[in-house]
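The values are calculated or read from the model by the stated rules, or taken from the named source; none is laboratory data. Predicted model, so just to flag it, every value in this text is computed and none were measured. All accessible areas refer to the heavy atoms of the entire protein, side chains included, with ligands and DNA or RNA removed. Shrake-Rupley method; radii C 1.70, N 1.55, O 1.52, S 1.80 Å.
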Amino acid sequence: MQLNVLSAVLPLLSTALAKTTTIAVGKGGLIFDPNTVTAAKGDVLEFHFYPQDHNVAQSSFDKPCIADAAGIWSGFMPVTAEQGVGNETFSVTINGTDPLWLYCSQGQHCNAGMAMVVNEPKSGNTLKAYLDAAKNAQPTDPEGDYRGGIIAAATNSTSSSTSASTSASGTASGTASGTAATQPSGTSTAPASSTTTGAAVKLETAGLAVLGLAGLVVGGMI
Ligand SMILES: [Cu+2]
């Protein structure tokens with residue numbers, strides 16, 4: 001039993017050194033928020049999806065909105081207005097410092113500016129240059145199943161769905177967006193504390209208590 005716990009905990013300790021950045025996909029418009037992220041090797045991007053049906057795909061800088069054949073791909077993530085926010089996240093672990101260009105392949109979303117960059121160059125291949133070129137692109141969907149990341153249950157889905165089921169839809173969506181709106185800025189500006197909190201929660205995953213703790217943590221961060 002002790003060995004089992006140790007083998008479960010040790011990988012999490014190294015994970016605790018990594019920074020997790022929460023990114024809202026399609027919240028309040030055809031945007032990724034934030035749309036420029038600085039990340040080191042081992043850091044994690046955690047995408048949360050909003051209505052109605054967005055995704056995360058990868059392109060090169062030179063071909064905005066055109067799917068890389070082997071690039072990151074979350075698959076389509078339909079979310080209803082009643083849900084407010086998807087109950088699944090897509091997490092990508094960064095494995096280098098090269099710029100990474102991501103977009104939403106739904107309809108004309110990429111043309112409208114639904115794209116983002118990880119480790120944006122200071123000049124030349126900037127996000128602004130990408131978005132300018134994206135306006136006239138012909139977006140393509142990646143083929144196949146999701147890849148380059150992990151699909152997982154959203155840690156705040158319990159509180160979101162609870163409020164959704166006990167409140168009027170207007171209140172529920174307000175609650176859900178309020179929760180998520182507070183999290184990304186907190187996560188990106190205070191990576192150390194949020195990472196530590198995340199690790200503390202993960203260490204408890206052996207027990208069902210994790211759900212309650214996650215709720216407390218989310219509540220405490222607001
Ligand atoms: Cu989209």
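For K19, list the aspartates and glutamates whose Cα falls under 15 Å from its own Cα; do not include residues on the same chain fewer than 8 positions away.
D43, E46
Using a 1.4 Å probe on the protein heavy atoms only, what accessible surface does S123 show? Give it in Å² to the nearest 10.
90
Can you give me the C-alpha center-to-center distance between region 30-72 and region 86-113, rounded to a whole angstrom?
Region 30-72 and region 86-113 have Cα centres spaced 1 Å from each other.
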